[in-house]
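Remarks on the structure that follows.
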Amino acid sequence: MEQQSEVRYLAPQSVDIKKKKYCRFKKSGIKYIDFKDPEFLKRFLNEQGKLLPRRITGTSLKYQRRVSQAVKRARHLALLPYVTDMMK
């Protein structure tokens with residue numbers, strides 16, 4: 001008698017398909033990043049208040065520089081903290 005070795009999985013194997021990163025500023029057509037809007041700038045900061053890198057956010061180099069400049073200006077005007085424990 002022939003025994004067939006058949007492998008069965010409880011759930012189908014998933015292939016990790018990563019979403020293509022995109023620059024939200026280019027896609028939305030945003031030209032100016034307002035430093036007076038701290039809620040928008042918090043999206044680009046982690047829990048400690050550090051800037052998230054481009055490879056995580058998907059922001060292009062041009063707009064990453066503008067975001068960092070806006071965050072620096074907001075910190076200078078005390079709209080954003082320089083350092084914090086749990087910001088989000």
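Where a number appears in this text, it was derived from the coordinates with a stated rule and is not lab data. Note that the structure is a prediction, hence the values are computed from the model and not measured.
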Open item on the list: Students often get this wrong, so check it: of LYS19/LYS50; LYS27/LYS62; LYS19/LYS72; LYS21/LYS72; LYS20/LYS42, which have C-alpha atoms separated by over 20 Å?
Closed with: LYS19/LYS50; LYS19/LYS72; LYS21/LYS72; LYS20/LYS42
TODO: Quick one: what are the phi-derived ³J(HN,Hα) couplings along the stretch 47-58, Karplus 6.51/-1.76/1.60 with θ = phi - 60°, whole Hz, x for glycine and proline?
DONE: 5, 8, x, 8, 5, 7, x, 4, 5, 8, 7, x
